[in-house]
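See below for the structure under consideration.
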Amino acid sequence: VGLPGLGLHLQPTPWLSVVGGVHRGFSPSSPSAEPDTRPETSANVEAGARVDHRGVFAEVMGFYNAYENLTGQCTFSSGCADEQLGQQFNAGRVHVYGAEALVGAEVELSALFSLYGRLTYTLTQSRFANTFVSGFPQFGLVEAGDRLPYVPEHQGMANLGFRHPFGSVEGG
């Protein structure tokens, strides 16, 4: 299977970068899958900008993933019955999209020590593009427009660290 991709990185100034990419995704169906189980394919697009100036850095990226056939895998933790464990299920067309942002800074405290921090946030949306009934417990009856289960809409993180040439300590 060919997996073409194209990435772009432009740097209009020493402190600003503009990035983007388009890639094809593929995940084969497992050898033990039912004959009607199709491989997972997708088209993935992302674009954004990065700034790194005088110890402060920031990044904003947008992303869009169009799955032609998302697949689900039955495991014990996904709520499958023993006889379903290891089975793979077609999940149809799904669109996953959103944005990621981060900002951070590093401040020199002395010639040997610095303090740094970072905040990140991701917004993720997802929608099924078709209606179907699945034997996979996480999907069940799906109607076009339903959200993909177990995909968090909001995620964030904060880190603070202390750096020395011999190592660093970080907490989040």
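The values are calculated or read from the model by the stated rules, or taken from the named source; none is laboratory data. All values derive from a computational prediction rather than experimental measurement. Cβ atoms come from the backbone with ideal geometry, glycine included; neighbour counts cover every protein chain shown. All accessible areas refer to the heavy atoms of the entire protein, side chains included, with ligands and DNA or RNA removed. Shrake-Rupley method; radii C 1.70, N 1.55, O 1.52, S 1.80 Å.
Taking the Cβ of VAL103 as the center, what net charge do the other residues with Cβ under 14 Å away carry, scoring Lys and Arg +1 and Asp and Glu -1? For residues surrounding VAL103, the net value is -1.
For the peptides 161-169, 110-118, the ranking by mean Cβ contacts within 10 Å, running from highest to lowest, is 110-118, 161-169. Across the range 1-115, Cα pairs under 8 Å and at least six residues apart give a relative contact order of 21 percent.
The packing ranking, built from the mean of other Cβ atoms within 10 Å per residue, places the peptides 120-127, 1-8 in the order 120-127, 1-8, highest first. Distance between the C-alpha centres of the range 119-137 and the range 55-81: 8 Å, rounded to the whole angstrom.
Taking the accessible area of the chain, probe 1.4 Å, and keeping the other protein chains in place, the carbon and sulfur fraction comes to 60%. Residues in the chain average 62 Å² of solvent-accessible surface per residue, probe 1.4 Å, ligands and nucleic acids excluded. Placing dummy labels 7 Å off each Cα toward the beta-carbon, the span from ALA105 to GLU143 is 4.9 nm. Divided by 2.2 N^0.38 Å, where N counts the residues, the Cα radius of gyration of the range 94-153 comes to 1.94.
For the range 76-172, applying the loop criterion from DSSP together with a ceiling of 16 other beta carbons within 10 Å to the GluC sites (Glu not before Pro) yields GLU143, GLU153. Among the listed options [x] 12.0; [y] 13.5; [z] 10.7, the one matching mean projected area of the Cα convex hull in nm² as calculated from these coordinates is [y]. Close amide-amide hydrogen proximity is noted between GLN87 and CYS74, each under 5 Å apart and 5 or more residues distant or on a separate chain (H modeled in the peptide plane; Pro and chain starts excluded).
Peptides 88-96, 57-65 ranked from most to least packed, by the mean per-residue count of other Cβ atoms within 10 Å: 88-96, 57-65.
Converting phi to 3J(HN,Hα) with the Karplus coefficients 6.51, -1.76 and 1.60 and the offset θ = phi - 60°, the range 14-22 yields x, 10, 10, 10, 10, 10, x, x, 9 Hz in sequence order, with x at every glycine or proline. Backbone N atoms of the range 9-24 closer than 14 Å to the 7 Å Cα→Cβ label point of ALA47 belong to residues 9-10, 18-23.
For the range 35-172, the relative contact order works out to 19 percent when only alpha carbon pairs closer than 8 Å and six or more residues apart are counted. Note that the range 57-64 has calculated 3J(HN,Hα) couplings of 9, 8, 8, 10, 10, x, 9, 8 Hz, one per residue in order, obtained from phi through the Karplus relation 6.51 cos²θ - 1.76 cosθ + 1.60 (θ = phi - 60°); glycine and proline are x. With all pairs of different C-alpha atoms in the average, the Kirkwood value for the hydrodynamic radius of the range 1-82 is 15.9 Å. Placing a label point 7 Å from the Cα of GLN155 along the Cα-to-Cβ direction, the residues of the range 71-108 with a backbone N closer than 12 Å are 99-101.
Quick one: go through the range 103-134 and flag any residue whose amide nitrogen is under 12 Å from the point 7 Å out along the Cα-to-Cβ line of HIS164. Under 12 Å, as judged by backbone N against the label point of HIS164, lie 112-114 of the range 103-134. Remark: the range 95-107, residue by residue, has Karplus-estimated 3J(HN,Hα) of 10, 10, 8, x, 8, 10, 9, 9, 9, x, 8, 10, 10 Hz, where x stands for each Gly or Pro and the curve is 6.51 cos²θ - 1.76 cosθ + 1.60 at θ = phi - 60°.
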